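Read through the structure below, which is laid out as structure tokens, and then see the notes.
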Amino acid sequence: MRWLFQELKKSFYLPYMLFSIIGVVILCLLAQCYTDYSSGTTYSVFSMILNREKFNVMEQASLNCIEVWNAGMGNWFYLFSPILLTVGYLIIISNERNTEAIRFILIREGMGKYCLSKVISAAAFSGTMMLLGYAIYGLLIMPFFPTLSSFPEDVQTFYLEYVYLSKSVLIYVVKRLVGVFLYGAFVSVFSVGISIAFRDPYMLICLPFLFKYVYTQLMSKVSYEATISEQEKLAEIVRGFMPESILSVGYDTSFWISLVFLVCLFGLIVFEFYRTMKVRRDNGAFK
């Protein structure tokens, strides 16, 4: 397992980690969490922190910490997460190819171990950075928004039973964090997949979030068409192929479909990575 440890050590480089974690926190703070229906104005999490007294935030159950925490994963986050969470992997693999260091690594580790370690380290880094960034974001907003326990018991019961589908806030938070880690790992699929075919740094940066956007829009369209056609079973299955479905740990069929799909994707990527490296005379250095 030394080969895997070495790859993880390269990925978990402090500057890469700080870039990913800070990026996650910033995007979460910029997500929309409140709409003032009297004026039609929407406010980001950061804006609500600045306008807490104006909107009497501490007395609004819809702005409890958990709700605002969930709101942090907005549209901008979903769009840019492939770059934020896999920047370390992309930089490392690009440098290895451009300097031809990959040839010496393959001699030392072997092609199979190299491909497997790359995929595992990318998923581990992406999932961990997502988890840390999202957890830090949650801790940052806690002083500025009310806790669910500060509201009457009937309000707590409503949110736990019908919104969070959980017996307690702690259980919900743990499930959410597990889902967040899995989502981060899922997002790495796009970057790792692109890196198999391309070495150009600009392509490695631009294509992952472009592919994710197109893929998500396509799945959303198919799911919407199935829903309006009253094919609920088909809609649920299609939703299972969307990365966002893996956030709902254990709540419905979509999660389990998403989890199985993720495992299959990683297996397919490792196989294709190995096959592609095997057929190249340059050992993947693109020279």
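The values are calculated or read from the model by the stated rules, or taken from the named source; none is laboratory data. Being a predicted model, the structure only gives us computed values, none of them experimental. Methodologically, a virtual Cβ is constructed for each residue, glycine included, from the backbone with ideal geometry; neighbour enumeration extends over all protein chains shown.
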Fill in the blank from the handout: Checked region 60-100 for anything closer than 20 Å to A135 by Cα, over 18 Å from the mean Cα position of the chain (by Cα) and in a loop (DSSP other than H, G, I, E, B); matches are N64
Exercise for the section: Give just the number: which of (1) touching a Gly at 6+ places or on another chain (Cβ under 8 Å); (2) surrounded by 17 or more Cβ atoms within 10 Å (Cβ to Cβ); (3) not in a loop (DSSP other than H, G, I, E, B) does W256 not satisfy? Expected result: (2)
Practice task
Just one of (1) under 30 Å from K278 (Cβ atoms); (2) touching a Gly at 6+ places or on another chain (Cβ under 9 Å); (3) among the hydroxyl-bearing types (S, T, Y) trips up Y134, so point out which.
Solution key: (1)
Problem - Where a residue in region 213-236 is among the acidic types (D, E) and its partner, wherever it lies, is surrounded by 15 or more Cβ atoms within 10 Å (Cβ to Cβ), with Cβ under 6 Å and at least six apart - result: E236/S254
Handout entry: Some residue of region 113-121 being more than 25 Å from the chain's Cα centre (by Cα), under 23 Å from G267 (Cα atoms) and assigned to a helix (DSSP H, G or I)
Key = yes
Handout entry: Criterion: over 23 Å from F80 (Cα atoms) and among the aromatic types (F, W, Y) - qualifying residue of Y215, Y224
Key = Y224
Handout entry: From the options S195, S229, S223, residue that is out of contact with any Pro (no Cβ under 9 Å at 6 or more places or on another chain) and buried (at least 17 other Cβ atoms within 10 Å of the Cβ)
Key = S223
Exercise for the section: Please list, ordered by first then second residue, the pairs with beta carbon atoms under 8 Å, 6 or more apart or interchain, first in region 146-174 and free of Cβ contacts under 8 Å to residues at least 40 places away in the same chain and over 19 Å from V57 (Cβ atoms), second basic (K, R) and part of a helix (DSSP H, G or I). Expected result: S166/K175
Practice task
Go through region 70-97 and give me each residue that's hydrophobic (A, V, I, L, M, F, W, C) and without any contact (Cβ under 8 Å) to a residue 60 or more places away in the chain.
Solution key: A71, W76, F77
Problem - So I196, is it in contact with an Asp or Glu (Cβ under 8 Å, 6 or more places away or on another chain), in contact (Cβ under 8 Å) with a residue 60 or more places away in the chain, part of a helix (DSSP H, G or I) and more than 30 Å from L50 (Cβ to Cβ) - result: yes
Handout entry: Positions within region 245-264 being among the aliphatic types (A, V, I, L, M) and modelled with pLDDT of 85 or more, in sequence order
Key = I246, L247, I257, L259, V260, L262, V263
